[in-house]
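Okay, structure first, notes after.
Every read-out reported here was derived from the displayed coordinates using simple, explicitly stated rules and does not represent laboratory data. Computed from a predicted structure; not experimentally measured. Virtual Cβ from ideal backbone geometry, glycine too; neighbours counted across all protein chains shown.
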Amino acid sequence: FLSARSLPLTGSSSSHTNSEKQRFLDHREFIRKTRESLPIYFCRSELLRYIGENSVSIIMGETGSGKTTQLVQYLYEVGYASGGKQIGCTQPRRLAAIGVSTRVAEEVGCTLGTTVGYSIHLDDMTTEQTKIRFMTDGVLLREVVNDPFLEKYSVIVMDEAHERSMDTDVLLGVLKGICRRRSDLKVIVTSATMNIMKFSAFFNNAPYYEIPGKTFDVELEYASTPVEDYVHAAVIKAMEIHVRATLDSEKQHSDTTTTTTGTTPPPTDDNGGDILIFMTGRDDVYGACALLKQRLHSMRRPSGEHWDETLLIIPCMSEAVQNSAASAVLFDPAPPGMRKCIISTNVAETSLTIHGIRYVIDCGMMKTNVFHPTFGMNTLKRYPTSKAQSNQRKGRAGRTAKGTCFRLFTREQFTNEMLPATIPEIQRSSVDTVVLLLKSIGVRDLSGFDFIDAPPEANMRSSLWQLWLFGALDDAGDITESGRCMLEFPVNPTLANILIHSTRLKCSAEVLSIVAMLSADVKSLFEMPAGKEEDARQAHGRFANGESDHLTYLNVYQQYQQPGAGGGRQWAREHFLNVTVLERAIHVREQLVEKMQRLKLDIASAGDGETDVIRRCLVHGYSLQAARKVAGKWSEYQSLLNVGVTCHVVPSSSILNAGTVPEYIIYDDLMFTTKEYFVTVTAVDPAWLVAVGRGLYTINGGGSGAAVDMGGSGDEWAVTLSSSCNAAKELRAERAA
Ligand code: ADP
Ligand code: MG
């Protein structure tokens, strides 16, 4: 504990120590006052009584009422962490777990990682002494594999349950089962004001508790016609608001001063309210920030001041909450005479609360992962938000005073095109990991599992086949040793299978680096600063491997890792590489190495220049993501699993740099811009596809190989799905449906 006692309160009388002490005490006092002003504080004892009386509690409260930060502290204060038990609190997002635990550690007055800690995939900041443990839902789910009754917890708070992430949904079912066997376990589900009846119904009509809170009216303004470019429209709206609100508050100011004293008034705290803009992702957020700054800078006031000088433009993404300098800018009031304009992804919808927002601009869109049945994988795409989500966004304007919400869509679009509520992730995503997890905790009949909303059966079947092909499930559908091994890795079964095979093929050292890069948001690795595109392209060109984007990433990683030979941060910046991605990849790799060692999987290097074996190893994960070139086309490929479907390789792929393009490829991902593209592609020898797992592919040779022949010469041989492989048949049928 960092308590007042641990400071040098006695003995020294130096003013330095005294002011330090005073600052510390002021800060503690400030935290106490803040805590005691939150809506949840006023119902603390009633809430604790309600929790005491029920084995499952469902708590609903407006965002900002104190559910996330206070509830766990109350439980701790009244002794739920005694007897060696822990208080667990799950978060749907990794970065939220870090951000929230940082805040709670500060409020409790301890160093993060002691009394209060967090565990996320690839990063554990807890010790034996930890009493309040924040984690992602996924981490807790994996704990169930080794500790089926979650014995080390006395309470589990499932926070932000309304987000209905895939792991949240599975965890709800698992916890419901555990509660039946452990009467001493308390489960608390907290949610913003959405979905509450659904949770109650799921837990056999458990009573729910609503934290009383005060909110103000929010006026709504819709677009009169559908908006084409919401970044542009949001910027224009923000400019209007800023200029009008500034002029209004100056006018009010001068009115009151002339009627009272006639002298210059002291600056008021009230700047007329801050602005919050909802965009869909990193690109939009930065794009809108830059455009708003530029537009306002080009406008001058009569005094000569540029309009951007009084607007503090702050990008806000989940990363912001883990960095204390960045979060201070976000949470602190704007400096006098300034207004804040926060441009955010949907993190500001429910998981963090910023005071003083009186204007919300909602683009009506979000980015989300959706299962693409034709390709059998998830893709990130922009979609309209649901009605519930847009109403939640609107509510952000009415926290401190009356507010206004500008919707960048028409009333008709809201009424006719938006779904009432967001479809839970489990019903729109690939369920490979879920299926494997459930199998590992002994759920044999997946359709009998108590899902709050069951995933479509077709998705479950497709995952079962894929896992069987990977050798993660046996013929009876039970999990194998290899399947358990895959679950140990904090990556999807595709990448886990590649890691497992790399030991046998003696190329783990390289494969670990590739998997680490893929897990580190590698899509933002190559930077293209405006005006320096040509320099950047040249710098990036030296890493390109004409056979493989995976190997291109490996080149970058290996060169970065050799500061003596020219790598390192400065080197990375000179080569227009994103240092954050590289540092994260190093961190991820370390954790993967640790896992490999624990699982007694050898880590050997393929050796310099030995890249074929690495490409061969990749096929073990991507066997269902294979495609063959369409005859006579440059970068167009047809899926081997779904023969009629063709797709282009993304133009930036390094395999398009060489003079020729390969006949067969595997791909890591799909991307949508104006059309669909395969991204992160590697050329493969078709014989490798035939050799891989359970006879999925076969060679159709000479003469009658018409099955995948799209107009080439009639007698070439080709690799096709095997007609004797049931998985192949079933998967093909699923994809075609
Ligand atoms: P809820 O979970 O009900 O939405 P929280 O517990 O997250 O509420 O937030 C309670 C209050 O704590 C809010 O007013 C919020 O602004 C404040 N808060 C949360 N995190 C931080 C932080 N890192 N820095 C400053 N204030 C914070
Ligand atoms: Mg919260």
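Brief remarks on what is shown
- Contour minus Cα-Cα distance for residue 672 and residue 633 (0.36 nm per residue): 12.0 nm
- In this simple spin-label model, placing a label point 7 Å from the Cα along the Cα-to-Cβ direction at both residue 29 and residue 221 gives a separation of 4.3 nm.
- Placed amide H near residue 670: partners under 5 Å, 5+ positions off or other chain: 679
- Free of any trypsin sites (Lys or Arg not before Pro) that DSSP assigns to a loop and that have at most 13 other C-beta atoms within 10 Å, the longest stretch within the chain is 215-401.
- Distance between modelled label sites at residue 48 and residue 600, nm, 7 Å Cα→Cβ extension: 4.9 nm
- Inverting the pair-averaged 1/r between distinct Cα atoms of segment 524-633 gives 16.2 Å as its Kirkwood hydrodynamic radius.
- Annotation: extensible slack from residue 82 through residue 555 equals 165.2 nm (criterion: 0.36 nm per residue apart, minus Cα-Cα distance).
- By the beta-carbon count within 10 Å of each Cβ, the least crowded to most crowded order of 636, 46, fewest first, is 46, 636.
- Here segment 342-383 and segment 124-185 have alpha carbon centers that stand 26 Å from each other.
- Per-pair calculated FRET efficiency, R0 = 51 Å: residue 253 and residue 232 via Cβ, rounded to 0.05: 0.95
- Were the residues from residue 129 through residue 387 laid out at 0.36 nm apart, the gain over their Cα-Cα distance would be 88.5 nm.
- For residue 379, net neighbour charge (Lys/Arg +1, Asp/Glu -1) across residues whose Cβ lies under 13 Å away: +3
- Relative contact order of the chain, defined on C-alpha pairs under 8 angstrom at six or more residues apart (%): 10 percent
- Label-to-label distance for residue 524 and residue 355 is 2.9 nm, based on points extended 7 Å past Cα in the beta-carbon direction.
- Computed about its Cα centre, the charge dipole of the chain is approximately 1160 debye, with only Lys, Arg, Asp and Glu carrying charge at their Cβ.
- Under-5 Å amide H pairs with residue 473, H placed in peptide plane, nonlocal only: 468, 480
- Taking Cα centre as origin and charging only the Cβ of basic (Lys, Arg, +1) and acidic (Asp, Glu, -1) residues, the dipole magnitude of segment 468-574 rounds to 400 debye.
- Residue pairs, from the table 387/523; 33/67; 176/198; 595/629; 237/340, whose Cα atoms sit over 26 Å apart: 387/523; 595/629
- Gyration tensor (Cα) of the chain, equivalent ellipsoid semi-axes in angstrom: 46, 33, 27
- Using C-alpha pairs below 8 Å separated by at least 6 residues, the relative contact order for segment 397-492 is 25 percent.
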